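Have a look at the structure below before the remarks.
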Amino acid sequence: MSDDRNTKELNISLKILIICLFVLLIAGTILFVFSLYYLGMAGLFTLLGISYDSLRSLFLFVILYFVLSFFGDILAKTILGLAITTNKIAEHKYMPFSFFVYFVINWAVISSLNFIMDSINIDWPALIVLSAFIAAVEVALSSYFQTDKPPTKK
């Protein structure tokens, strides 16, 4: 006899429990990713000598960076997707080009936040190193999780 049940047959308390567990799982995942960004930025800021007034200003910086980099990632994926589909990039030039795209977008986002926020002071060498580090991590993670390679020219 199989244990397959339709969701209509479950009682209401079990349905509520399942929904709550899914919500907690999603919220926990988002919180984990955000805490990685927050603690990673705090560590990088300490290593690079970037000064910030309080932990609240660092928190605000990370939230704004998280939001702006979301739109920057959409732009980067669009640029890289167009470059691949139009065969403008050879396979051996894909990684340096993607690093350049992510670097420019991260540089623009961090420069904008540095300009807007008076509570954080990022010098230009630290800005370059921070943007390059984040771009390198993004390229490494995107190539690690990418299952297909960019198409080659024919």
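The values are calculated or read from the model by the stated rules, or taken from the named source; none is laboratory data. For clarity, every value in this text was computed on a predicted model and none was experimentally measured. When we count neighbours, we look across all protein chains shown, and the Cβ atoms used for this are built from the backbone with ideal geometry, even at glycine.
The residues of the range 101-122 that are surrounded by 18 or more Cβ atoms within 10 Å (Cβ to Cβ), hydrophobic (A, V, I, L, M, F, W, C) and over 21 Å from residue 42 (Cβ atoms), listed by number, are 101, 103, 105. When residue 125 is tested against (1) over 23 Å from residue 46 (Cβ atoms); (2) at pLDDT 90 or above, exactly one condition is not met: (1). Of all residues in the range 46-100, those that are polar (S, T, N, Q), loosely packed, with under 13 Cβ neighbours inside 10 Å, assigned to a helix (DSSP H, G or I) and over 18 Å from the mean Cα position of the chain (by Cα) total 2. Looking at the range 66-105, which of its residues are small (Gly, Ala, Ser) and either closer than 16 Å to residue 131 by Cα or free of Cβ contacts under 8 Å to residues at least 12 places away in the same chain (or both)? Within the range 66-105, 69, 72, 76, 81, 98 meet the criteria.
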